Each structure stands twice: as C-alpha cells, then as structure tokens.
Amino acid sequence: MLEIFSYTFIQNALIAGLIVSIITAIIGSLVVVNKMVFLSGGIAHSAYGGIGLAIFFGLPMLLSTSLFCVLIAMLIARASYDNRENLDMLIGLTWAVGMSLGIILVDLTPGYQADLMSYLFGSLLAVTSTDIYYMALLLLVVLGTLVVFYRDILAVSYDIEYARLRGVNTKFFYTLILVLSSLTIVISIKVVGLILVIALLTIPIYIAGYFAKNILSMMLMSAGLSIVFTLIGLTLSYSFDLSSGPSIIIVSSLCAFCVYILKGLSKH
C-alpha cells in the first residue's frame, strides 16, 4: 500500500489535502459560528461563473475564479450586513446567475470540451504544483489574519452587537470572513468540487463541535479530523478507482453519523 506514495501526483494530492484541511478547519469554524453556511453555499455555486470566465477568455483558472468569488463575497457582504430580510433572494440570485453564466460561457467557448465532473465533484489527484503554491499562500494569509485579528474576530463571531459597542469594525470583519471563505471555497473546488464544498467546510466542524470548548480548540480538532478524512478518502479513491472528493465526504459523513449516534446513546 505504501508504494502509492512514491508517485508525484499522490504526493501533490497529499500536500494539497493537508493544506486544504487546515484552511477549511479554520474558515469553516468561523463560517459555522457566524451562521454563514448558507452565504458560503451561494458563493460556492456562483464560483462556476469564474470558471466559465477563465475558460472563455483563456485566463488562469485559480486567479479568475478567486477574483470572481471575492467580488461576489463583497457584494453579498455589502447587501446582507444591514439588511437580512432579502438574504434568501440574494443568495438564490447569485447562486443561479453565477452557475448559469459559467455554463453559458463554457458552451460558447469554441472547441472546448468541458469536464464538468472535475469542477462539480473535484479532482484531488490532478492537483498541480501551481495549485499547491496558491494553497500555501492562502494558508499563510489565513494564519496571519487569525494571529493578528484573533480577538476581534472572536468578538464579532460570538456577539456582533457587543463587538460594535467595543469599537470593533464589525462590518470589516464580517466582510473579511466572507472574502476568506470565498478563497477557501475556490481551493476546495480542487478537492471536492462545487457540489460538496460546503460539506468539507462543515462536517469536521460539526464533529469537533461536540467536544470543543472554544473556537480555537474547534479549529484544531476539525483540522486533525479533516486530515484523517482526506488521507482515508484519498487511499480509498486510489485503491478502488473512485472519485476523490465524494470518497472524502463519505468517510467524513460516516464518522459524523457515528458520533451523532454515540452522543445520542450517551444521553440515555
């Protein structure tokens, strides 16, 4: 079994899986605590618009999708910060327009045969060195942001009104969390695809939430869980010729189900 780790594409997949596991654990914890899962879902599906732009205009895929998602995140943050009444409509609109734009641009691209499966369900085994550099850079940005602004982010996450009274620029941090979420979603597309990216952001956090006493321990525990799920899913993917993204999500979902059952039994 260990011989599979001698292949370069497996090594790239492992490195990418490790980096993405840490990033999604940090950002996923913030997304869950701030109740932004639905917002992140809208950004995730609108990301297909960035993919379509990259394909149609021949732009770098990661750069184009990242810029597109950041723009969507900033629009959503601006529209939803003070007015949550029409939030469902806003998310549905960005979700539908983004995906529709992407599909139309792919259809209009001359001679391009789109591999929709790799975007919808991920292709971790196809990660390149350039992808890894981008992921590593984002990890440094996320860790740096967390170290510098940890107290303010914590205040905004637990009680935004109290944080505002303390003089914290809550709108800035609300937008910052959404922007970092959008960048995390872009790199996660490589791992599990558009359809399953929210599962990657939330399942390990859901499990860690049963045991964590604070947001920092939640991040650390979910990072460890994500790494384990990725390793097991990647091994299953290679061994049985399965898609890597769904394999990782199935493993994490089974673990979440077992934890839920055990916790339920412990209450009786």
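Listed values for the range 161-176 are Karplus-derived 3J(HN,Hα) couplings in whole Hz (6.51 cos²θ - 1.76 cosθ + 1.60, θ = phi - 60°), namely 5, 5, 4, 5, 5, 6, x, 6, 6, 5, 5, 4, 6, 4, 5, 4, and x replaces Gly and Pro. The portion of the accessible surface of the range 44-173 made up by carbon and sulfur, rounded to a whole percent, is 68 (1.4 Å probe; DNA, RNA and ligands excluded). Of the chymotrypsin sites (Phe, Trp or Tyr not before Pro) found in the range 206-268, those in coil by DSSP whose Cβ has at most 11 other Cβ atoms within 10 Å are PHE211. Extending 7 Å from Cα along the Cβ direction at ALA96 and again at THR235 yields two label points whose distance is 4.5 nm. In a fully extended conformation the segment linking ARG151 and MET89 would gain 19.1 nm over its present Cα-Cα distance, using 0.36 nm per residue. Label positions at PHE211 and PHE9, each projected 7 Å from the Cα along the C-beta direction, are separated by 3.4 nm. A straight Cα-to-Cα reach below 26 Å connects LYS35 with the lysines LYS171, LYS190, LYS213, LYS263, residues fewer than 8 places away in its own chain not being considered.
Based on every Cα atom in the chain, Rg and the maximum pairwise Cα distance Dmax equal 18.5, 62 Å.
Between PHE257 and PHE57, the FRET efficiency from the beta-carbon distance, with R0 = 35 Å, is close to 0.20.
In this label model, MET74 and ILE103 are separated by 2.9 nm, measuring between points 7 Å along each Cα→Cβ vector. Solvent exposure of the range 132-173 amounts to 64 Å² per residue of accessible area, where only protein heavy atoms count and the probe is 1.4 Å. Note on surface exposure: THR170, THR8, THR235 rank THR8, THR235, THR170 by accessible area, highest first, 1.4 Å probe.
Each Lys and Arg contributes +1 and each Asp and Glu -1, all at the Cβ; summed about the Cα centre of the chain, the dipole is approximately 740 debye.
The helix-based estimate of mean residue ellipticity at 222 nm for the chain, built from -39,500 (n - 2.57) per DSSP H run of four or more residues and divided by its residue count, is -28500 deg cm²/dmol to the nearest 500. Note on the range 131-195: Rg/Rh from Cα positions, Kirkwood definition for Rh, rounded to two decimals, is 1.07. Applying both filters, DSSP loop and at most 14 other Cβ atoms within 10 Å, to the trypsin sites (Lys or Arg not before Pro) of the range 197-268 gives LYS213, LYS267. If you average the alpha carbon positions of the range 171-220 and of the range 21-87, how far apart do those two centres end up, in angstrom? Here the answer is 12 Å between Cα centres. For the range 1-107, the solvent-accessible area works out to 46 Å² per residue, with a probe of 1.4 Å and every protein chain left in place. When you restrict to C-alpha pairs under 8 Å that are six or more residues apart and normalise by the size of the chain, the relative contact order lands at 30 percent.
The values are calculated or read from the model by the stated rules, or taken from the named source; none is laboratory data. This one's a predicted model, so the numbers in the text were calculated from it and none came from an experiment. Methodologically, a virtual Cβ is constructed for each residue, glycine included, from the backbone with ideal geometry; neighbour enumeration extends over all protein chains shown. Accessible surface is based on the protein model in full, side chains and every heavy atom, while ligands, DNA and RNA are left aside. Shrake-Rupley method; radii C 1.70, N 1.55, O 1.52, S 1.80 Å.
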